[in-house]
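Undergrad: Pasting a structure below so you can have a look.
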């Protein structure tokens, strides 16, 4: 059933599995078009001021339809995490955020006990419905998922970097955290034929379908440069999961790209 592929229930909401980010060039008109096409998971970068306008005039009119995900640009200390969340709440006009995440653990944030405790407090206060992290260290992600209390992980996962299939997915607890994949195109490397590769490279849509075909992945976060790219990506999801032949081709291409 394609509806089951394109949408997934997350935190009690029916969420389009193509999450939208404006981090790499998508403008206000492009984000609004994505929303009109059904996108309702919005990765809210604090530096994109036009997103605040969209949140106020569109998201807040039907708050329970949308998921807002954001966090501090730098999350080294508990206080900076709380200030970033409370600032986002004031700016949006919402009394809660669906996902509060600290970014790129070990580089842009520290997952110290005080930071994790502050995230837990924000969830207990109802200011965050899920708390988590974006992280490249797969083995650490698996340990954090097993230990709790984080319930959201944004991880690198694509055909060239499928290591989560070994290091993370088999180790997830029975009450699985929300898993968001990013870098689906391996920073566009999967979109160009590697040396020695015979045949076409992948499309961006192929890359997003690869991620979402894995049942452990709830959504992908995409940062298209243009509305045309966004439109093409969203249309690709309507084709559903990769079949066996498509999956084999993507894995072979990913291996060649990584090689």
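The values are calculated or read from the model by the stated rules, or taken from the named source; none is laboratory data. Treat the numbers as computed from the prediction; the structure is a model and nothing was measured. Quick reminder, even Gly has a Cβ in these numbers, built from the backbone with ideal geometry, and neighbours come from all protein chains shown.
Undergrad: With the structure loaded, tell me whether residue 165 is exposed (fewer than 15 other Cβ atoms within 10 Å of the Cβ) and touching a residue at least 12 places away in the same chain (Cβ under 8 Å) or whether it fails that test. First the steps, then the outcome.
TA: Working: exposed (fewer than 15 other Cβ atoms within 10 Å of the Cβ): yes; touching a residue at least 12 places away in the same chain (Cβ under 8 Å): yes.
So residue 165 fits the description; yes.
Undergrad: Next up: Name the residues in the range 67-83 that are surrounded by 21 or more Cβ atoms within 10 Å (Cβ to Cβ) and either free of Cβ contacts under 8 Å to residues at least 12 places away in the same chain or in a loop (DSSP other than H, G, I, E, B) (or both), would you? Give the steps one after another, and end with the answer.
TA: Initial filter on the range 67-83 (surrounded by 21 or more Cβ atoms within 10 Å (Cβ to Cβ)): 67-72, 75, 81.
Passing the criteria: 71, 72.
Undergrad: Return the residue satisfying two criteria in turn: it lies in the range 102-115 and is touching a helix residue (DSSP H, G or I) at 6+ places or on another chain (Cβ under 9 Å) and within 24 Å of residue 10 (Cβ to Cβ), and of such residues it is surrounded by the most Cβ atoms within 10 Å (Cβ to Cβ).
TA: Among residues in the range 102-115 that are touching a helix residue (DSSP H, G or I) at 6+ places or on another chain (Cβ under 9 Å) and within 24 Å of residue 10 (Cβ to Cβ), the one surrounded by the most Cβ atoms within 10 Å (Cβ to Cβ) is 102.
Undergrad: Another question, if that's okay. Which of the residues that make up the range 15-66 are in contact (Cβ under 8 Å) with a residue 60 or more places away in the chain, part of a helix (DSSP H, G or I) and loosely packed, with under 14 Cβ neighbours inside 10 Å?
TA: 29
Undergrad: Is it fair to say residue 141 is touching a strand residue (DSSP E or B) at 6+ places or on another chain (Cβ under 8 Å) and modelled with pLDDT under 95? Write out each step before concluding.
TA: On the way: touching a strand residue (DSSP E or B) at 6+ places or on another chain (Cβ under 8 Å): yes; modelled with pLDDT under 95: yes.
Here the answer is yes, as residue 141 does meet what is asked.
Undergrad: I would also like to ask the following. Might you let me know whether the range 125-134 holds any residue that is in contact (Cβ under 8 Å) with a residue 40 or more places away in the chain and either more than 24 Å from residue 98 (Cβ to Cβ) or not in a strand (DSSP E or B) (or both)? Explain how you work it out, then say what you get.
TA: Taking the range 125-134 and keeping what is in contact (Cβ under 8 Å) with a residue 40 or more places away in the chain, we get 127-130, 132, 134.
Subset that is either more than 24 Å from residue 98 (Cβ to Cβ) or not in a strand (DSSP E or B) (or both): 127.
Scanning the range 125-134, I find at least one residue that is in contact (Cβ under 8 Å) with a residue 40 or more places away in the chain and either more than 24 Å from residue 98 (Cβ to Cβ) or not in a strand (DSSP E or B) (or both), so the answer is yes.
Undergrad: Within the range 240-259, can you find the residues that are at pLDDT below 95 and either over 25 Å from residue 23 (Cβ atoms) or not in a helix (DSSP H, G or I) (or both)? Before the answer, list the steps.
TA: From the range 240-259, those at pLDDT below 95 are 258-259; that's our starting set.
259 - this is the single residue of the range 240-259 that is at pLDDT below 95 and either over 25 Å from residue 23 (Cβ atoms) or not in a helix (DSSP H, G or I) (or both).
Undergrad: Where residues in the range 175-190 are more than 14 Å from the chain's Cα centre (by Cα) and closer than 15 Å to residue 218 by Cα, which of them is surrounded by the fewest Cβ atoms within 10 Å (Cβ to Cβ)?
TA: The extreme case among them is 175.
Undergrad: With respect to the numbered conditions (1) closer than 30 Å to residue 48 by Cα; (2) surrounded by 18 or more Cβ atoms within 10 Å (Cβ to Cβ), which one is the sole condition not fulfilled by residue 238?
TA: Here residue 238 clears every test but (2).
Undergrad: Next up: Report yes if some residue within the range 211-218 is part of a loop (DSSP other than H, G, I, E, B) and modelled with pLDDT under 95; otherwise report no. Steps first, please.
TA: Filtering the range 211-218 down to residues part of a loop (DSSP other than H, G, I, E, B) leaves 214-218.
Narrowing further to those that are modelled with pLDDT under 95: none.
Checking the range 211-218: not a single residue is part of a loop (DSSP other than H, G, I, E, B) and modelled with pLDDT under 95.
Undergrad: Name the single residue, out of those in the range 84-113 being modelled with pLDDT of 90 or more and assigned to a loop (DSSP other than H, G, I, E, B), that is nearest to residue 153 (Cα to Cα).
TA: 96
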